[in-house]
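S.K.: Starting off with a structure, shown below.
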Amino acid sequence: SPSRLTSFSRWLCVSPFGSPARRSLGALRAYLSSKGFPEWFFYAVGTFCSFCRHAQTYPDHSVLLTIDSQVPAGEGVSSSASLEIAIVRALQDYLQPSARGDDDGDEADVAGRLALAKLAQRAENEVVGANCGIMDQVACLLGAPGSILPIHCRECAVSQPIYLPDDAVIVGFPTGVKHVLSGHSPYERARAATAMAAKIGQSLCAEES
């Protein structure tokens, strides 16, 4: 409800450093769960806090975050990543206007956008509880109309986009099958197991080096 969102905005911005949002993203998730906020709110507030924690700055006043979408429920493609990227770009413009590049696609611009993609992914992993990769966030930030973007997810890097012929058409069809990354579905359990295996492998490699 609007009253709950407003009160949470005030809590987020003016509460002391002991507040859940400032302690950790995991603490924020526990707080949101205990208060019964809707699932979509985890994406918005999680991304907000992920960016502010990284930037080491919080607004000193309440912030009105307006979200408007015409995507039908259950028919979005990378809709959660789109929401996250919209929020981090808006926050960057608001809190760090000098940090945003010229969107000219040079090395510094790409590196800056990839850093934002990591913040959005972290929010989805640690606040929403969805063990997603980083592909969707990178595509939202660096994809170009009429092209395919080669993404190297392990290194979080991209190659030059491959532009499609003018007469090529790619069609997506809404099947109505619900895609769930958070929760306890078999798909989610497999993703979680894979993520844990990757972390164990990274730890072993670090010990060997």
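S.K.: Give me, ordered by chain and number, the residues 5 or more places off Val158 or on other chains with an amide H under 5 Å from its own placed amide H.
M.R.: Under 5 Å from the amide H of Val158: His152.
S.K.: Once you place label points 7 Å from the Cα toward the Cβ at Gln202 and Leu164, how far apart are they in nm?
M.R.: 3.3
S.K.: Using each residue's phi in segment 80-94, evaluate 6.51 cos²θ - 1.76 cosθ + 1.60 at θ = phi - 60° and report the 3J(HN,Hα) Karplus result to the nearest Hz, with x for Gly and Pro.
M.R.: 5, 5, 4, 5, 4, 5, 4, 6, 5, 5, 5, 5, 4, 5, 7
S.K.: Mind listing the long-range amide H neighbours of Ile148? Cut-off is under 5 Å, sequence gap 5 or more, other chains count too, H placed in the peptide plane at 1.01 Å from N.
M.R.: Ile162, Tyr163, Leu164
S.K.: Turning to a different aspect of this structure: Assuming a viscosity of 1.567 mPa s and a temperature of 4 °C, what translational diffusion coefficient in µm² per second does Stokes-Einstein assign to segment 55-160, Rh being the Kirkwood radius over Cα pairs?
M.R.: D, rounded to a whole number, is 87 µm²/s.
No lab work stands behind these numbers, since they all come straight from the coordinates. Just so it is clear, the model here is predicted, and its values are computed rather than measured. Virtual Cβ from ideal backbone geometry, glycine too; neighbours counted across all protein chains shown.
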